[in-house]
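The values are calculated or read from the model by the stated rules, or taken from the named source; none is laboratory data. In this text the structure is predicted, and so the values were computed from the model without any measurement. Cβ placement follows ideal geometry from the backbone for every residue including glycine, while neighbour counts extend to all protein chains displayed.
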Amino acid sequence: MKQRIIDHILSSSVYDVAKQTDVNYLDFLSSSLGNHIYLKREDQQPVYSFKLRGAYHKISLLSDSQLSAGVVAASAGNHAQGVAYSAMKKGVQATIVMPVTTPDIKVNAVRSFGATVILHGDSYDDAYEKAQLIIKESNAVFIHPYDDLDVIAGQGTIARELLEQVSNIDYMFIPVGGGGLLAGMAVYLKHINPAIKIIAVEPENSACLHEALQAKERVVLDHVGIFADGVAVKQIGQYPYDLVRDYVDDTVLLTTDEICAGVKDIYDSVRAIAEPAGALSLAGIKKYLQSHDIKGKTVAGILCGANINFHRLRHISERAELGEQKEALFSVAIDEKKGSFLTFCRVLKGRSITEFNYRYQHDNVAQIFVGIQLQDNETSADFLAVLNDQGYQAVDLTYNEVAKLHLRYMIGGKPQDLNNERLYRFQFPERPNALLNFLSTLGTDYNISLFHYRNHGAAYGRVLVGIQVSQDQLSEFTALLDSIGYTFFDETDNEGYPLFL
C-alpha cells in the first residue's frame, strides 16, 4: 500500500492542472523563534487549496467508461472545488452535494467550474448520504475527500515538491482533518528521510487523530468544533490511520484563539489570508517550538487553504490578540461611585485597556468586563495576581468561551425575581428557518429569558439562550434538546453567567 502511494506520487499527472507552489521563508518568525521556518503555499493553486491534487489524481486514473458515467463528491468546501475543477479540465460531468449551510462563495465557486450542485442537509454526513444515493442510481464514481489511496497519493505530491525546494527538513507540521494530506505526505517524507519528525496539527476540539493514537484505534468523536471547518472531522479515515499511525512522531492541539493568531501571523509574514484550517500548520509550529524549547532546526508547514468567507475575518481579528497572549479578559468588581474607574486605570500603570463593558446593577459594587493589554511574556494569571494584590476581586475570563463569544457583547443585569433560569449554548446551522425550527420544536412550555446571536460568517452560528426550567422539568427538557439535533452545551455553571447576565 505504501509503495503504491510512493510510485503514484512519482508518476502523478497532477501538474496537468496543479502548479508547483512557492515556499516562503518566514524571516520574522524564524528570527523570533530561533529556527528556520518555511511555509508551503498551497493557497496558490487555482482553487486556493491543496485539494485539487488528490481530486485530479483520482479522476485521471479512471477508465473511459467510468469517466463517461461522471463523478460525484460530497463536500462543504475545498474538496468540492477540487473535484469540480478537475472534472472540468477532464471534460467529465461532476455532481457535488453540499450542505445547505455552505456559504454562497463556495457554492458559486463550484458552479463556476461547471459542476451540478445539490444542496442537501445541514452537515457533511447528510451530504455524504445523499451522494451515496446518487451513485447507486447513476453508477457515477464517488471521489472521497480523504479515505482513498489515489486521493492520498495526489496530496502526497506536495511532499515531493517540498523536498526539492527545502533541504534537510527536521520537522514537518501537517494539518489533519480526515487525514488524506497527512498520509500522503508522511509516507513520502519518511520514505525519503526517516529522520524527519512528522508533527500532526489539530484543533483541540476536533482532534480525531490524536484521540485515535491515544486509544490505538480509530474513534468517533462525540462532537467536533466548527471554527476550523476544513478539518472538522469526527473520525480519521481508515486508510490514513493505517498509513500514519507509525509515522506520526507527535501531535499538537490548538485552541481557536491560537488558530486565529496563526491567521494573523501568516498575513503579517506573506500578506496572504488563510482560512482557519489553512493556518493550523504555522500555529502548530509556533506553539510546539516554544513549548518544547526547540532551536536551530529547519521547520516546514503548509498554508493548505485560503477559501474563507470575508465576514469571518472580524471574528478572527478579535480572537487573534488573545491567541498571541497579548490581551486578557477579566471580570473585576469596583466600587459603584464616582472616580472608581479612574482609580482602576491608575492601577494599570500605563497599560492599555482594550475593552470596557459595564452596566449599573446595584448601589455598592460595579462588575466590569475589561480587556487588558499584556506585556511581553506576561500571562493572564500574572495580571490576575496584580489585580488581587491591589485589592480587587477579579475573575480571569481569558479562556472562557461563553465570555468571548457572547458576554462581551451583551453585558447587562439579572432581574432579581427571575427564577429557574438555565443557560445553554447552541450551534445553529446558518440556513433559512433554522431559528424558527428550533423555537417550534421547543414549543411554548418554556419561557426564553435571554437570547444572543452574532453572525460570524461561518456555516454555523453561535447562540446563547436563557430558558426558565424548574428542577422537576429538567430531565424532560434535556430530552427535548437532544431531539432537536443541534449541538448544545449547558453553561448554567459558567462563572461569567452570574457576574454579567
**Request:** Quick one: Asp64 ticks every box in (1) more than 26 Å from the chain's Cα centre (by Cα); (2) surrounded by fewer than 24 Cβ atoms within 10 Å (Cβ to Cβ); (3) touching a residue at least 24 places away in the same chain (Cβ under 8 Å) except a single one, so which number is it?
**Result:** (3)
**Request:** Among the residues of segment 78-107, write down those that are touching a residue at least 40 places away in the same chain (Cβ under 8 Å), touching a strand residue (DSSP E or B) at 6+ places or on another chain (Cβ under 8 Å) and not polar (S, T, N, Q).
**Result:** His79, Val83, Pro99, Val100, Lys106
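If I filter segment 141-158 down to residues being of a type in the set (Val, Ile, Thr) and under 22 Å from Leu243 (Cα atoms), which single residue comes out as surrounded by the most Cβ atoms within 10 Å (Cβ to Cβ)?
Ile152
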**Request:** Answer yes or no: is there a residue in segment 406-429 that is crowded, with 16+ Cβ neighbours inside 10 Å, at pLDDT 80 or above, of a type in the set (S, T, N, Q) and assigned to a strand (DSSP E or B).
**Result:** yes
**Request:** Run down Ile302, Ile316, Ile285 and say which single residue is in the same structural domain as Gly179 (by TED's automatic domain parsing), among the hydrophobic types (A, V, I, L, M, F, W, C) and at pLDDT below 95.
**Result:** Ile316
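Would you call Ser138 surrounded by fewer than 19 Cβ atoms within 10 Å (Cβ to Cβ) and in contact (Cβ under 8 Å) with a residue 60 or more places away in the chain?
Yes.
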**Request:** Report, by residue number, each residue of segment 246-261 that is closer than 18 Å to Ala186 by Cβ and within 10 Å of the chain's Cα centre (by Cα).
**Result:** none
**Message:** Just checking, does segment 385-398 include any residue being of a type in the set (Ser, Thr, Tyr) and exposed (fewer than 12 other Cβ atoms within 10 Å of the Cβ)?
**Reply:** no
**Fill in**
When segment 269-286 is checked residue by residue, the ones that are under 16 Å from the mean Cα position of the chain (by Cα) and surrounded by fewer than 21 Cβ atoms within 10 Å (Cβ to Cβ) are Ile273
**Item:** Residue identified as out of contact with any Gly (no Cβ under 8 Å at 6 or more places or on another chain) and not in a strand (DSSP E or B) among Lys286, Lys295, Lys234
**Value:** Lys234
**Prompt:** Would you pick out the residues in segment 319-351 that are at pLDDT 80 or above and either part of a loop (DSSP other than H, G, I, E, B) or under 21 Å from Lys264 (Cβ atoms) (or both)?
**Reply:** Arg319, Ala320, Glu321, Leu322, Gly323, Glu324, Gln325, Lys326, Glu327, Ala328, Leu329
**Request:** Among the residues of segment 148-190, count how many are modelled with pLDDT of 95 or more and either among the polar types (S, T, N, Q) or outside the structural domain of Leu26 (by TED's automatic domain parsing) (or both).
**Result:** 3
**Message:** For segment 213-264: of the residues being more than 30 Å from Leu322 (Cβ to Cβ) and acidic (Asp, Glu), which is surrounded by the fewest Cβ atoms within 10 Å (Cβ to Cβ)?
**Reply:** Asp246
**Asked** Considering Asn494, Asn455, which residue is at pLDDT 85 or above, closer than 21 Å to Ile226 by Cβ and out of contact with any Phe, Trp or Tyr (no Cβ under 8 Å at 6 or more places or on another chain)?
**Response** Asn494
**Request:** Provide a single number: the residues in segment 135-186 that are assigned to a helix (DSSP H, G or I) and either of a type outside the set (A, V, I, L, M, F, W, C) or farther than 18 Å from Ser86 by Cβ (or both).
**Result:** 21
**Prompt:** Of (1) outside any helix (DSSP H, G or I); (2) under 23 Å from Asp150 (Cβ atoms); (3) at pLDDT 95 or above, Ala76 satisfies all except one. Which?
**Reply:** (3)
**Request:** Filter segment 87-129 down to residues that are of a type in the set (Val, Ile, Thr) and closer than 22 Å to Asn139 by Cα and give me whichever is surrounded by the most Cβ atoms within 10 Å (Cβ to Cβ).
**Result:** Ile96
**Request:** Could you look through segment 179-211, keep only residues that are touching a Phe, Trp or Tyr at 6+ places or on another chain (Cβ under 6 Å), surrounded by fewer than 24 Cβ atoms within 10 Å (Cβ to Cβ) and among the aliphatic types (A, V, I, L, M), and pick out the one that is farthest from Ala232 (Cα to Cα)?
**Result:** Ile198
**Item:** Near pairs, Cβ below 7 angstrom, 6+ apart or cross-chain, from segment 284-313 (farther than 30 Å from Asn108 by Cα) to any residue that is buried (at least 22 other Cβ atoms within 10 Å of the Cβ) and modelled with pLDDT under 95
**Value:** none
